[in-house]
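We did not get these values from a lab; they are worked out from the coordinates using the rules stated. Bear in mind the structure is a predicted one, so any value in this text is a computation, not a measurement. Backbone-built Cβ (ideal geometry, glycine too); neighbour counts: all protein chains shown.
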Amino acid sequence: MDTIKKKMLHRFREVFGDDQGVKVFFAPGRVNLIGEHTDYNGGHVFPCALTIGTYGAARKRSDRKLCFYSMNFEEKGMISSSIDEFHPGEKVGWTAYPKGVMWAFAQRGMEMSCGMDLLLFGNIPNGSGLSSSASVEVLTGDILREFYGFEVSNKDLALIGQYSENTYNLVNCGIMDQFAIAMGKKDHAIFLDTADLSYEYAPVQLKGMKLVISCSNKKRGLGDSKYNERRSECETALARLQKVVNIGSLGELTEEEFEKYKDAIGDEVLIRRARHAVTENRRTLQAVSALKAGELEKFGHLMNASHRSLKEDYEVTGKELDTLVEEAWKIPGVIGSRMTGAGFGGCSVSIVKEEAVPSFIENVGGAYRRRIGYNADFYVVEIGDGPVIL
């Protein structure tokens with residue numbers, strides 16, 4: 001982190017002229033170990049923060065101007081606006097995410113008294129599904145809290161980030177991404193009930209194992225994917241079930257209850273969508289119990305079952321992710337592997353025995369290149385903390 005901090009301060013001086021009054025912040029990316037597409041269905045999720053994420057070098061200005069610069073999109077140069085110019089729904093590229101958070105703070109009565117210079121650098125692969133957007137949102141919230149003295153908790157940062165993405169960027173995301181990033185804890189995953197935001201930390205003891213993220217390099221954007229369509233399908237299935245059983249969300253059903261009442265849904269596609277929401281929630285409960293009991297092999301089997309459900313019932317995987325996961329399953333030393341994130345591209349997450357990591361990268365990478373026609377990228381990652389000032 002120190003090396004990146006120095007690099008950012010150097011670039012800040014080049015872009016903005018000097019680095020007087022600059023502070024450097026970091027917010028992680030996240031990966032969800034299990035519990036996919038459950039966060040908007042009143043179910044449980046099990047994400048963790050990563051040691052890769054988004055860095056921001058920022059300082060207050062004396063005027064009302066906002067000056068943005070990204071080291072990941074240097075060709076776009078300096079992008080300027082003002083704290084008097086927020087337009088929910090605007091399509092302005094990456095700056096819509098920090099601007100959305102600034103707007104969301106103001107909606108809660110926390111208005112910036114002056115503008116800001118902000119330089120960003122992310123080492124999360126863009127469009128990978130490791131929540132680069134939520135990372136930028138939590139980072140921006142942390143910067144606003146520090147510079148303007150706003151009294152908000154890390155949980156508030158998550159809620160404000162989600163609100164900004166829903167209402168400023170018009171992406172109907174659940175709370176998981178922002179919560180995992182804002183509330184991250186080293187070597188722990190967060191067992192979160194999305195229905196009421198109750199949570200507990202569960203230690204992830206990967207002795208002799210590594211967490212490997214395989215990035216498909218197929219770009220996807222949540223807003224233009226079928227994410228909103230899946231969400232709508234689940235809402236329709238829920239409304240039909242509510243005519244025969246008293247539930248507030250799909251996450252409240254056991255598998256047995258679902259089998260008993262599923263015919264009320266009346267549509268085979270909607271039944272499969274709802275079945276995934278129900279069974280994935282149950283898998284997540286079992287996975288956390290397995291982890292607490294030190295049963296990593298069982299945890300791995302549940303990861304594999306999660307991917308099959310996402311492929312067959314929820315239909316959000318696609319050729320790229322299926323290739324990464326199915327090739328991973330062939331490698332001796334792979335405990336479990338599944339797609340992670342919204343799907344339709346993005347990444348898979350695998351638990352791999354340490355000695356098998358080189359052959360995993362070589363063999364999965366080779367098979368992917370042959371079948372898909374371009375390279376996947378691999379990241380051996382660690383579970384890290386939430387946002388920090390460096």
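A few remarks follow.
- Amide H partners (placed H, <5 Å) of Lys218, local residues excluded: Gly346
- By average C-beta atoms within 10 angstrom, highest first, the peptides 25-37, 261-273: 25-37, 261-273
- Length-normalised contact order for the chain - Cα pairs under 8 Å, 6+ apart - percent: 24
- Solvent-free Debye calculation, one equal scatterer per alpha-carbon of segment 2-203: log10 I(q)/I(0) at 0.10, 0.15, 0.18 Å⁻¹ equals -0.39, -0.89, -1.26.
- Peptides 82-95, 144-157, 293-306 ranked from most to least packed by the mean count of surrounding Cβ atoms within 10 Å: 293-306, 144-157, 82-95.
- ³J(HN,Hα), Karplus 6.51/-1.76/1.60, whole Hz, each residue of segment 46-60, x for Gly, Pro: 9, x, 9, 7, 10, 8, 9, x, 10, 10, x, 9, 9, 8, 6
- Convex hull projection area averaged over all views, the chain, Cα basis, nm²: 19.1
- Per-residue packing, averaged as other Cβ atoms within 10 Å, sorts the ranges 136-143, 16-23, 320-327 into the order 136-143, 320-327, 16-23, beginning with the highest.
- For the chain, calculated [θ]222 nm from helices alone, where every DSSP H run of n ≥ 4 adds -39500 (n - 2.57): -13000 deg cm²/dmol
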